[in-house]
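The values are calculated or read from the model by the stated rules, or taken from the named source; none is laboratory data. These figures come from a predicted structure and were not determined experimentally. With ideal geometry, Cβ positions are generated from the backbone for all residues, glycine too; neighbour counts draw on all protein chains shown.
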Protein chains: 2
Amino acid sequence: MKNTILVVGSVALDSVQTIHGRTNKALGGSAVHFSMSASQFTPVRIVGVVGEDFPGPFRRLLKRRNICLEGLRVMPGKTFHWKGRYDRDFKNATTIATHLNVFEHFKPKLNRTHAECGVLFLANIDPDLQRDVLAQMGKPRLVACDTMNYWITLKKKSLVKLLFKVNLLFVNEEEARQLTKEHNLIKAAKILTGMGPQAIVIKRGDSGSMLFYGGEVLAIPAQPIEKVVDPTGAGDTFAGGFMGYLAASPDWRNLDVLKRAMSYGTVLSSFSVEDFSVKRVGRLSKSEIHDRYKKYVKALSIK
Amino acid sequence: MKNTILVVGSVALDSVQTIHGRTNKALGGSAVHFSMSASQFTPVRIVGVVGEDFPGPFRRLLKRRNICLEGLRVMPGKTFHWKGRYDRDFKNATTIATHLNVFEHFKPKLNRTHAECGVLFLANIDPDLQRDVLAQMGKPRLVACDTMNYWITLKKKSLVKLLFKVNLLFVNEEEARQLTKEHNLIKAAKILTGMGPQAIVIKRGDSGSMLFYGGEVLAIPAQPIEKVVDPTGAGDTFAGGFMGYLAASPDWRNLDVLKRAMSYGTVLSSFSVEDFSVKRVGRLSKSEIHDRYKKYVKALSIK
């Protein structure tokens, strides 16, 4: 159980439109994108909620990837549904509709197996719930969380209490700035480190990502992709690759391990944007991951 | 003369305002920022024009860096003056005033020494002039150019004729998109390569830079900087470090050499933003460059 990740987050149906096409109620949600990616490295268990309409094929797809769905509760009603559109530049999603449905009343309850997982990833949900989940855990050796602008605006106090108890924080650059009221990302990360987490990971989309750990600052680029089809879930896929690799490592408190984790996160998210929903990551082989990782690392090696 | 760079571009006085202060008629211009950076690696000669008001101390500062000013013509009138302001995010400069002054009638004339330089950098000026300069050259072994949105809009045909004759093109991401009408940078670079240059360098500010050469795509990050004081000239400083390193190398047609050039460009531009005008690069020692370069390369080495 030491290497098993428990992820708590949304399981959703996404209807997405981009210049390359559209999906209608495709598999999505932060816990899904995270799990599909992390399960390439380590066992994953999801705690989440879906409605009675959640399709059997989606359930089977997740199970085939060895993602445990014991904690995926089915409640009367419909599954969380997000409908959005991306412009040509893929920078910002325009939300057309958000139907929380059963997710509105999500109250994560952990069983003993969940509580004994060695690694916990609190995907972007209400920080009150994130803290509640953490309180139900045994003694995880690594706790990471994500959040979003919505919670920073509405529940900053609760979020700050949570940060005090996590090892690793994933945020995007706008969230880092909003949380700290500091524009410069190095300064923002220093403030965030002062709030509790030992490591801060700032996600910057196609500008790559930054890691702050033990006084070190590291920036790595995104893997350039010639045809971006759908960026939905890229951040969760990144966190999944990152956390999956960390969970499978004996000791995450090591800069080299964290750098590899970040590179795997980058590689996994570069695959995820190549197709809609979890299609690309769903059909991903270990050797495809390994090949792109090797190429990525080699490109960054300056001799 | 094989390793000497001839740079043709603006020599200016800049009045810049940022959250960290302001300058009044400080030393600036594309040829200046480029030369200050490139001269750390190789001899540089400037062809440009200034007015009678161009301060002696600026002239002496450039000469101390072994930048040859024989080609810096003094014309009756005033030096090119740009006045601008940056917001807190340093993304875009707001131009308050542009006085072209003597630069409006700039007609670069090369003497024999200039024409025999092995490397030519055509900084961002009217593409008609860039082509005119190229026509006056002997047989340079490496020709690179920069441009800007203004010329892409106004003189695209002339620019396209120039591109056909250069080895290396420096553009920022918006310019790459504007020139090719293609949003994706890999696709845009492929189109640009089809227009002539063997290598394309896309500058992305604090998102780093991308290199396209011989079918290879390389993205490297910017060096994170905790206190950005003034980004003016960072792109030219990047090109200067890049071209300076290439000019000092026996053969630039090599991916490893180009990667090192790109890293030196990154390091030099990271210094340049730490102070106003050319102040930081002006007081830069070889060992400071070497130390930051080593740190940068080490950070990107994923073991």
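Taking first residues from segment B:85-113 that are within 14 Å of chain A (Cβ to nearest Cβ) and partners that are in a loop (DSSP other than H, G, I, E, B), the Cβ contacts under 7 Å between residues at least 6 apart in sequence or on separate chains come to B:Tyr86/B:Pro231; B:Arg88/A:His183; B:Arg88/B:Ile19; B:Asp89/A:His183; B:Phe90/B:Val228; B:Phe90/B:Pro231.
Check segment B:256-264 and report whether any residue there is in contact (Cβ under 8 Å) with a residue 60 or more places away in the chain and either at the interface with another protein chain (Cβ under 8 Å from one of its Cβ atoms) or within 24 Å of B:Leu179 (Cα to Cα) (or both).
We begin by selecting, within segment B:256-264, every residue in contact (Cβ under 8 Å) with a residue 60 or more places away in the chain; these are B:262, B:264.
Then keep just the ones that are either at the interface with another protein chain (Cβ under 8 Å from one of its Cβ atoms) or within 24 Å of B:Leu179 (Cα to Cα) (or both); that gives B:262.
Looking for residues that are in contact (Cβ under 8 Å) with a residue 60 or more places away in the chain and either at the interface with another protein chain (Cβ under 8 Å from one of its Cβ atoms) or within 24 Å of B:Leu179 (Cα to Cα) (or both), one finds at least one in segment B:256-264, hence yes.
Candidates are the residues of segment A:252-290 that are under 22 Å from B:Asn184 (Cβ atoms) and of a type in the set (Asp, Glu); the one that is surrounded by the most Cβ atoms within 10 Å (Cβ to Cβ) is A:Asp275.
To keep it simple, each residue is scored yes or no on (1) within 25 Å of A:Lys91 (Cα to Cα); (2) not hydroxyl-bearing (Ser, Thr, Tyr).
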| residue | (1), (2) |
| --- | --- |
| A:Thr147 | yes, no |
| A:Ile152 | yes, yes |
| A:Leu162 | no, yes |
| A:Lys165 | no, yes |
| A:Glu173 | yes, yes |
| A:Thr180 | yes, no |
| A:Lys187 | yes, yes |
| A:Thr193 | no, no |
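Say we look at segment A:1-38 and pick out the residues that are among the β-branched types (Val, Ile, Thr) and assigned to a loop (DSSP other than H, G, I, E, B); which of these is modelled with the lowest pLDDT?
Residues of segment A:1-38 among the β-branched types (Val, Ile, Thr): A:4-5, A:7-8, A:11, A:16, A:18-19, A:23, A:32.
Then keep just the ones that are assigned to a loop (DSSP other than H, G, I, E, B); that gives A:4, A:11, A:19, A:23.
On the way: A:Thr4: 98, A:Val11: 98, A:Ile19: 94, A:Thr23: 97.
Checking each candidate, the answer is A:Ile19.
Please tell me if A:Glu175 is more than 14 Å from chain B (Cβ to nearest Cβ), under 19 Å from A:Val11 (Cα atoms) and either of a type outside the set (Gly, Ala, Ser) or assigned to a loop (DSSP other than H, G, I, E, B) (or both). Here the answer is no, as A:Glu175 does not meet what is asked. Would you check which residues across segment B:189-219 are within 10 Å of chain A (Cβ to nearest Cβ) and either part of a loop (DSSP other than H, G, I, E, B) or among the basic types (Lys, Arg) (or both) and list them? Scanning segment B:189-219 gives B:Lys190, B:Arg204, B:Gly208. Just one of the numbered conditions (1) under 16 Å from the mean Cα position of the chain (by Cα); (2) within 24 Å of B:Lys109 (Cβ to Cβ) is not true of B:Val133: (1).
Considering (1) within 14 Å of chain A (Cβ to nearest Cβ); (2) farther than 27 Å from B:Val11 by Cβ, the lone condition that B:Val229 does not fulfil carries the number (2). The single condition from (1) assigned to a loop (DSSP other than H, G, I, E, B); (2) without any contact (Cβ under 8 Å) to a residue 24 or more places away in the chain that B:Lys165 fails is (2).
If B:Tyr296 satisfies all but one of (1) in a strand (DSSP E or B); (2) aromatic (Phe, Trp, Tyr); (3) at the interface with chain A (Cβ under 9 Å from one of its Cβ atoms), what's the number of the condition it fails? Of (1) in a strand (DSSP E or B); (2) aromatic (Phe, Trp, Tyr); (3) at the interface with chain A (Cβ under 9 Å from one of its Cβ atoms), only one is false for B:Tyr296: (1).
Let me confirm something: among B:Phe58, B:Phe90, B:Phe41, which residue is surrounded by fewer than 22 Cβ atoms within 10 Å (Cβ to Cβ) and part of a loop (DSSP other than H, G, I, E, B)?
On the way: B:Phe58 fails: part of a loop (DSSP other than H, G, I, E, B); B:Phe41 fails: surrounded by fewer than 22 Cβ atoms within 10 Å (Cβ to Cβ).
None of the others qualify; the one that does is B:Phe90.
Does segment B:286-295 contain at least one residue that is among the aliphatic types (A, V, I, L, M) and farther than 19 Å from B:Asn3 by Cα? The answer is yes; a qualifying residue exists.
Go through A:Ala97, A:Ala123, A:Ala144 for me and flag whichever is at negative phi and either over 19 Å from the mean Cα position of the chain (by Cα) or surrounded by fewer than 20 Cβ atoms within 10 Å (Cβ to Cβ) (or both).
Working: A:Ala123 fails: either over 19 Å from the mean Cα position of the chain (by Cα) or surrounded by fewer than 20 Cβ atoms within 10 Å (Cβ to Cβ) (or both); A:Ala144 fails: either over 19 Å from the mean Cα position of the chain (by Cα) or surrounded by fewer than 20 Cβ atoms within 10 Å (Cβ to Cβ) (or both).
None of the other options fit; the residue is A:Ala97.
B:Val160 meets the conditions (1) part of a strand (DSSP E or B); (2) away from chain A (no Cβ under 14 Å) in every case but one. The failed one is (1).
Among the residues of segment B:198-225, those identified as touching a residue at least 40 places away in the same chain (Cβ under 8 Å), more than 23 Å from A:Ser209 (Cβ to Cβ) and crowded, with 18+ Cβ neighbours inside 10 Å are B:Ala199, B:Tyr213. In this structure, is B:Ala239 part of a helix (DSSP H, G or I) and of a type in the set (A, V, I, L, M)? So B:Ala239 fits the description; yes. Checked against the criterion of being within 14 Å of chain B (Cβ to nearest Cβ), crowded, with 16+ Cβ neighbours inside 10 Å and in a helix (DSSP H, G or I), the candidates A:Ile186, A:Ile152 yield just one match: A:Ile186.
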